[in-house]
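> Structure provided below as structure tokens; questions to follow.
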Amino acid sequence: MRTDAEIVARIEARMHKDPFGFEWPYYLVCLPFELAKPYLIEESKSKPADWKQAQRDEESLRTECIDYMPFAWDKANNCRGISANRSIAHFQAWLWLMGVEWADSLWDDYEYYGKPQLVRICEFLGVDHKQWDDGVRTNGEDE
């Protein structure tokens, strides 16, 4: 599992490449409040009692991935470009937190609203993608 220092370094490296916040906030919530504080909006900085640090052990992260998978497949199946893209960013963060070496390669050859990536993630997680995959491979609603 990633250390606090690794997570802070990852936030610094990724937040400027992720201006919409699809990926880096998933790292932020895994930090204790004091380390997360510099990245929080002013209103949240004064509420340490409200901070709920997310679990970042492998079992919790795997569960998070599996629980999110139906939603991600729904977005890919329905050609929801931004939402499908955002789903892959979420998985990238969770996989990186688990120490998966290929997490950053999820964007290689991105097509079909991330379906090849979702298949790969399902295989890694040991779940059958066919329960969600409609089998259609398209890069647009009109194809």
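Where a number appears in this text, it was derived from the coordinates with a stated rule and is not lab data. It should be emphasised that the depicted structure is a prediction, and the values quoted were computed from it without experimental measurement. Cβ placement follows ideal geometry from the backbone for every residue including glycine, while neighbour counts extend to all protein chains displayed.
> Distance from the Cα centre of the range 55-80 to that of the range 1-46, in angstrom?
Their Cα centres are 20 Å away from one another.
> On to the next question. Report, ordered by chain and residue number, the lysines lying within cross-link reach of K130, taken as a straight Cα distance under 20 Å and ignoring same-chain residues fewer than 8 apart.
Hits, sequence-local ones excluded: K75, K115.
> Which of the following values of Cα extents along the principal axes in Å was calculated from the structure shown: (1) 49, 30, 25; (2) 41, 41, 26; (3) 70, 34, 29?
Among (1) 49, 30, 25; (2) 41, 41, 26; (3) 70, 34, 29, the one calculated here is (1).
> Which order results if T63, T3 are arranged by neighbouring Cβ count within 10 Å, fewest first?
Details: T63 14, T3 8.
Lowest to highest Cβ neighbour count: T3, T63.
> To make sure I understand the rule: partners must be lysines, Cα under 17 Å from the Cα of K37, and not fewer than 8 residues away in the same chain. Which ones qualify?
K45, K47, K52
> Once you order the gyration tensor axes a ≥ b ≥ c over the Cα atoms, which shape class does the range 54-93 get: rounded for a/c under 1.5, otherwise prolate or oblate by comparing a/b with b/c? Walk me through the numbers before you get to the answer.
Values: a/c = 4.03, a/b = 2.12, b/c = 1.90.
Because a/c hits 1.5 or more and a/b exceeds b/c, the range 54-93 counts as prolate.
> Compute, for the chain, the length of the dipole vector about the Cα centre, with Cβ point charges of +1 (Lys, Arg) and -1 (Asp, Glu) only. Units Debye, rounded to 20.
With Lys and Arg at +1 and Asp and Glu at -1, about 340 debye.
> Mind listing the phi-derived Karplus ³J(HN,Hα) values for the range 25-31, rounded to whole Hz, using 6.51, -1.76 and 1.60 with θ = phi - 60°, and x for any glycine or proline?
Once θ is set to phi - 60°, the couplings for the range 25-31 become x, 5, 7, 4, 5, 8, 8 Hz.
> Between beta-carbons, use under 14 Å as the cut-off and find the net charge around A13, counting Lys and Arg +1, Asp and Glu -1. The partial results should precede the final answer.
Numbers: positive: R2, R10, R14, K17; negative: E6, E12, D18, E23, D104.
Residues near A13 contribute -1 overall.
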